[in-house]
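As structure tokens, the structure follows; a few thoughts come after it.
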Amino acid sequence: MCGIVGYVGRGEASDFLLEGLRRLEYRGYDSSGLATLEAGRLSVTKTAGRVEDLSRALVDSPTPGSIGIGHTRWATHGKATNENAHPHFGGNKKLALVHNGVIENFRAIKERLVEQGCEFHSATDSEVVAHLIATELENLPAEVHDSIDPYAPLVEAVQNALLQLRGTYGLAIVFRDWPEAIVVARLGSPLVIGVGDGEHFIASDGSPLAGHTDKIVYLADHEIAVITPEAIRVIHRDQGDVHHDVKLLEIESTDIDLGSYAHYMLKEIFEQPESVRNAVRGRLDKDAATAVFGGLNLTAQQLQSVQRFVLTACGTSWHSSLVGEYMIESLARIPVEVEYASELRYRNPPLSPQTLLFALTQSGETIDTLAALREMKRKGHATMAICNVVGSTIAREADGGIYLHAGPEIGVASTKAFTSQCVVMSMLALYFGRLHHLSYEAGLNIIAELEALPNQIEQALETHDETRRIAEKYAHCNNFLYLGRQYNFPAALEGALKLKEISYIHAEGYPAAEMKHGPIALVDEHTPSVFIVPKGAVYDKVIANLEEIKARGGPVIAVVDDIDSRVTDIADDVLLVPAVADFLQPIVASIPLQLLAYHIALVRGCDVDKPRNLAKSVTVE
Ligand code: G6P
């Protein structure tokens with residue numbers, strides 16, 4: 001939530017800043033703003049609304065200079081107004097600051113600063129940090145200002161201020177009297193530095209850097225950095241000056257182009273044959289009939305002694321964890337618990353030492369997932385990340401892990417990350433199954449199923465036109481039910497979440513039989529039920545549930561893998577997907593559900609890629 005950018009070099013800062021904010025807009029889009037510095041003057045232009053609004057505002061109110069910072073906001077404290085937009089000035093325009101995170105003790109600090117005469121112009125917690133740093137700068141002893149190191153006052157003032165804060169922050173600050181330096185700081189919110197030739201870039205993640213540099217430095221918690229056109233100096237709160245590794249950024253600028261698609265969500269839905277291929281590539285070993293992972297960092301003996309998995313995640317990643325639970329318990333016969341990360345971080349469940357934690361996360365930055373991972377590490381459990389964003393905080397902090405290799409996911413509603421996470425879970429189930437009881441032949445069969453999956457996803461995408469037609473028929477409805485059993489129960493949850501997120505229609509996912517215990521009361525001719533009903537062990541049972549809905553006049557949309565009159569005669573609308581093994585059904589069935597949500601949102605005139613109130617990367621509790 002909230003995106004930060006910064007530039008210091010020889011070019012026009014606002015060019016990079018504005019484009020960078022466009023790429024980070026998925027992190028929040030309540031307001032945006034830029035601050036640049038030229039000829040001893042800080043110029044700030046900011047506005048409630050999207051980055052495109054900012055771009056228009058900059059025509060009348062340009063921000064010149066070759067050093068600057070920018071911000072796109074997801075509101076936490078204070079409404080989405082011009083005043084609350086970042087950057088915020090501190091100390092009578094001595095500095096300008098952008099912040100991502102939450103300062104929990106801002107009220108107490110604000111009261112103190114007001115007593116000292118500070119004037120506040122916003123309701124944000126972030127402005128407090130700006131004034132606090134300015135005050136600390138003012139109060140430094142003269143010898144710090146006289147130091148041989150011209151940036152010593154900035155380092156000292158920022159460090160003094162940070163020591164007083166409770167909460168999380170990614171910060172970037174420009175100072176009127178230091179025209180060549182940006183100071184950044186991080187605790188809990190991500191920040192990266194792009195290394196250029198005579199220029200440096202700052203961003204909340206690597207995407208704004210693509211096309212500018214492929215060299216990236218990941219800032220760690222409790223580090224601050226002083227960044228000038230020629231140098232990066234990183235200072236840790238406790239260790240002083242520390243070495244920083246320069247890593248390779250793996251994002252190409254073409255990865256984040258919309259191409260010919262109307263929306264990122266649609267592009268990402270159609271990328272799924274390829275993203276699934278990438279998740280599987282190089283990870284299937286036919287000789288041993290198992291999966292191979294380079295990054296688990298545990299020996300086969302250590303992995304074999306695992307007695308229980310805890311899978312933790314938020315949002316869509318929590319749904320793929322549920323799919324994983326069904327897969328691992330059924331194929332590997334190892335008990336699995338799926339925990340909301342926001343609950344696990346404060347719970348204290350009794351877990352044996354042989355419990356292995358998997359944190360599933362597209363972004364690798366979700367604060368609750370990170371906190372749950374840290375809590376489990378603290379208790380001595382081995383932790384693994386199943387993550388899409390290379391070099392993200394969770395990927396770096398876990399003991400080992402598996403990357404999805406799905407490429408950047410920009411639409412706020414997750415699509416390709418979900419299917420890739422499910423595929424990785426199925427490979428984990430294969431791997432652990434083969435460490436235990438699963439036969440060579442069963443392993444080979446699973447490999448064959450996984451190899452066939454990308455083409456089957458292509459076929460499932462052929463439901464596109466039909467989903468458009470069905471969307472037009474039902475887009476006026478205000479309630480939807482999504483129902484499935486076994487592997488398809490999490491797919492029902494995910495289908496409902498997709499619709500809810502982007503079309504603002506109330507939708508509930510339920511195990512198909514469980515709907516008799518409450519949700520059936522909602523059923524009437526304006527409440528469609530979307531059934532996931534592929535052939536399999538519980539096929540007849542789901543048909544019985546479908547009949548129960550029809551008997552009460554509810555419209556039924558059925559996702560099937562076979563044209564069987566028992567379903568097609570009852571259902572009002574049918575979406576046909578290819579038949580696959582039961583454990584892969586939630587992946588294939590999700591494709592038409594994603595398309596259906598997309599088209600319903602379009603018919604209702606919703607902003608598909610940037611739904612209201614949501615952000616892709618939730619870095620506040
Ligand atoms: C937000 C996003 C969801 C995502 C969830 C978890 O709510 O809007 O699409 O599933 O965060 O994010 P993660 O990056 O941890 O998978």
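Keeping to the range 221-274, report how many residues are over 21 Å from the mean Cα position of the chain (by Cα), within 30 Å of R10 (Cβ to Cβ) and without any contact (Cβ under 8 Å) to a residue 12 or more places away in the chain.
Counting residues in the range 221-274 that are over 21 Å from the mean Cα position of the chain (by Cα), within 30 Å of R10 (Cβ to Cβ) and without any contact (Cβ under 8 Å) to a residue 12 or more places away in the chain gives 3.
Picking from L187, L162, L191, which residue would you name as being within 20 Å of I103 (Cβ to Cβ) and either surrounded by 24 or more Cβ atoms within 10 Å (Cβ to Cβ) or touching a Cys at 6+ places or on another chain (Cβ under 9 Å) (or both)?
Details: L187 fails: either surrounded by 24 or more Cβ atoms within 10 Å (Cβ to Cβ) or touching a Cys at 6+ places or on another chain (Cβ under 9 Å) (or both); L162 fails: either surrounded by 24 or more Cβ atoms within 10 Å (Cβ to Cβ) or touching a Cys at 6+ places or on another chain (Cβ under 9 Å) (or both).
L191 is the lone residue from the list that is within 20 Å of I103 (Cβ to Cβ) and either surrounded by 24 or more Cβ atoms within 10 Å (Cβ to Cβ) or touching a Cys at 6+ places or on another chain (Cβ under 9 Å) (or both).
What pairs can you find where one residue is in the range 595-621 and closer than 23 Å to M1 by Cα and assigned to a loop (DSSP other than H, G, I, E, B), the other is β-branched (V, I, T) and at pLDDT below 90, and their Cβ atoms are less than 9 Å apart, with a gap of 6+ or different chains?
Qualifying pairs under 9 Å: V620/T76.
With the range 295-367 as the region, which strands (runs of 3 or more DSSP E) entirely inside it contain at least 2 residues that are open to solvent by 50 Å² or more (accessible area, probe 1.4 Å) and either of a type in the set (S, T, Y) or more than 10 Å from the ligand (Cβ to nearest atom) (or both)?
Filter on the range 295-367 gives 336-340.
Inspect all residues belonging to the range 264-280 and state whether any of them is part of a strand (DSSP E or B), within 16 Å of the ligand (Cβ to nearest atom) and among the hydroxyl-bearing types (S, T, Y).
no
I'm trying to understand the selection: among the residues of the range 600-621, which are open to solvent by less than 10 Å² (accessible area, probe 1.4 Å) and closer than 24 Å to L575 by Cα?
Our first condition is that a residue be open to solvent by less than 10 Å² (accessible area, probe 1.4 Å); within the range 600-621, this holds for 600-601, 608, 611, 617, 619.
Scanning the range 600-621 gives I600, A601, V608.
Among helices (runs of 4 or more DSSP H) lying entirely in the range 383-468, which contain 1 or more residues that are open to solvent by less than 30 Å² (accessible area, probe 1.4 Å) and within 16 Å of the ligand (Cβ to nearest atom)?
393-397, 416-435
Filter the range 97-115 for residues that are modelled with pLDDT of 95 or more and open to solvent by 50 Å² or more (accessible area, probe 1.4 Å); which is farthest from L187 (Cα to Cα)?
By that ranking, first place goes to E115.
Are any residues in the range 368-382 open to solvent by 20 Å² or more (accessible area, probe 1.4 Å) and more than 13 Å from the ligand (Cβ to nearest atom), and if so, which ones?
If the condition is that a residue be open to solvent by 20 Å² or more (accessible area, probe 1.4 Å) and more than 13 Å from the ligand (Cβ to nearest atom), then R374, E375, K377, R378, K379, G380, A382 are the ones that fit.
The values are calculated or read from the model by the stated rules, or taken from the named source; none is laboratory data. Computed from a prediction, not measured in an experiment: that's the story for all the values here. Using ideal geometry, Cβ is built from the backbone for each residue, glycine included, and neighbour counts are taken over all protein chains shown. Side chains are part of the model used for accessible areas, which takes the heavy atoms of the whole protein and leaves out ligands, DNA and RNA. Shrake-Rupley method; radii C 1.70, N 1.55, O 1.52, S 1.80 Å.
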